[in-house]
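Trainee: Please read through the structure below; I'll follow up with questions.
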Amino acid sequence: MNSEGGYVVSGASRGIGREIVRQLTRSGARVFGGVRDPAAAAAADLDEFSERIEYLPLDVSDGDSARRFASILQHRNTKLLGLVNNAGILPEQSPGQGVEDEIEAMREALETNTFGALRLTRLLAPMMSAGGCVVNVSSGMGQLADMNSGYSAYRVSKTALNAITKILAEEYGARGIKVNSVCPGWVRTDMGGASAPRSVEQGADTIVWLLQQGARAPGGKFLRDRQEIPW
């Protein structure tokens with residue numbers, strides 16, 4: 001790939017991330033997919049738009065890996081149109097386990113779901129100009145307005161991601177960079193399971209829509225199905 005502009009999608013090898021890549025490339029966009037195993041991701045990407053996606057090694061929980069990923073794009077003088085912080089984990093929870101039992105799982109979830117998104121945004125935002133968009137893939141389980149028990153580590157990491165979204169939207173707003181959170185809903189993925197009611201196409205729709213809005217996108221919002229929802 002050359003130094004043309006494009007989008008970065010972390011966690012691009014499966015689930016919602018893969019669908020975001022599919023929708024963006026089919027619209028004619030270039031995408032840089034951050035994945036743990038680029039060769040495996042590329043081997044699975046056999047459709048006619050595969051020449052518009054380049055997979056690069058990325059573990060968002062590892063600062064050195066994130067810096068190497070950013071360095072590749074910097075050395076190409078890449079102009080980024082948008083970033084999707086999609087990579088995330090859902091730590092396992094034993095039956096009857098309460099929030100006080102999830103401290104270690106919370107650290108693990110925060111490192112990937114929250115700090116991973118923050119460090120990647122910090123590294124890549126300098127490659128964006130006015131009209132660039134950052135979309136943090138969050139969850140309804142991170143809504144303080146509808147908080148419950150269960151999966152506390154995941155909930156806390158997504159609540160923190162929503163807070164970071166608001167802060168970054170304020171800090172980057174003067175540069176014309178829009179930052180938002182999206183709840184894709186309960187989607188049929190490896191994480192969501194086969195019984196989830198929503199397809200990956202539905203889960204990815206609002207994320208791709210925000211990216212394509214560019215300078216017209218809102219900022220500092222939490223959205224699902226293209227509509228603002230409570231934090």
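Trainee: Looking at (1) at pLDDT below 95; (2) over 30 Å from Ile72 (Cα atoms), can you tell me which one Ala174 breaks?
Mentor: (2)
Trainee: Looking for something free of Cβ contacts under 8 Å to residues at least 24 places away in the same chain, in a loop (DSSP other than H, G, I, E, B) and of a type in the set (Ser, Thr, Tyr) - is there at least one such residue anywhere in segment 151-165? Full working, then the answer.
Mentor: Step one: filter segment 151-165 for residues free of Cβ contacts under 8 Å to residues at least 24 places away in the same chain, giving 155, 159, 163.
Still in the running and in a loop (DSSP other than H, G, I, E, B): none.
Checked segment 151-165: no residue is free of Cβ contacts under 8 Å to residues at least 24 places away in the same chain, in a loop (DSSP other than H, G, I, E, B) and of a type in the set (Ser, Thr, Tyr).
Trainee: Quick check on segment 127-159: of everything there that is small (Gly, Ala, Ser) and open to solvent by 30 Å² or more (accessible area, probe 1.4 Å), which residue is modelled with the lowest pLDDT?
Mentor: That would be Ser149.
Trainee: Please go through segment 164-189 and give me each residue that is closer than 15 Å to Thr114 by Cβ, out of contact with any helix residue (DSSP H, G or I) (no Cβ under 8 Å at 6 or more places or on another chain) and open to solvent by less than 50 Å² (accessible area, probe 1.4 Å), ordered by number. Break it down stepwise before answering.
Mentor: Of all residues in segment 164-189, those closer than 15 Å to Thr114 by Cβ come to 164-168, 179, 181.
The next check asks that each one be out of contact with any helix residue (DSSP H, G or I) (no Cβ under 8 Å at 6 or more places or on another chain); those that pass are 165-167.
Within segment 164-189, just Thr165 meets the criteria.
Trainee: Then there is this: For segment 207-214, state whether one or more residues are under 24 Å from Ala29 (Cα atoms), at pLDDT below 95 and in contact with a strand residue (DSSP E or B) (Cβ under 7 Å, 6 or more places away or on another chain).
Mentor: The answer is yes, given that some residue of segment 207-214 is under 24 Å from Ala29 (Cα atoms), at pLDDT below 95 and in contact with a strand residue (DSSP E or B) (Cβ under 7 Å, 6 or more places away or on another chain).
Trainee: Filter segment 190-231 down to residues that are in a strand (DSSP E or B) and under 14 Å from Ile16 (Cβ atoms) and give me whichever is most open to solvent (accessible area, probe 1.4 Å). Step through it out loud before you land on a result.
Mentor: Of segment 190-231, the ones in a strand (DSSP E or B) are 198, 222-224, 227-228.
Next cut, under 14 Å from Ile16 (Cβ atoms) only: 198, 224.
Details: Arg198: 41, Arg224: 78 Å².
By that ranking, first place goes to Arg224.
The values are calculated or read from the model by the stated rules, or taken from the named source; none is laboratory data. Since the structure is predicted, the reported quantities are computational estimates derived from the model, not experimental observations. We place every Cβ from the backbone using ideal geometry, glycine too, and count neighbours over all the protein chains shown. When the accessible area is computed, the model is the full protein with side chains, heavy atoms only, and any ligands, DNA or RNA have been set aside. Shrake-Rupley method; radii C 1.70, N 1.55, O 1.52, S 1.80 Å.
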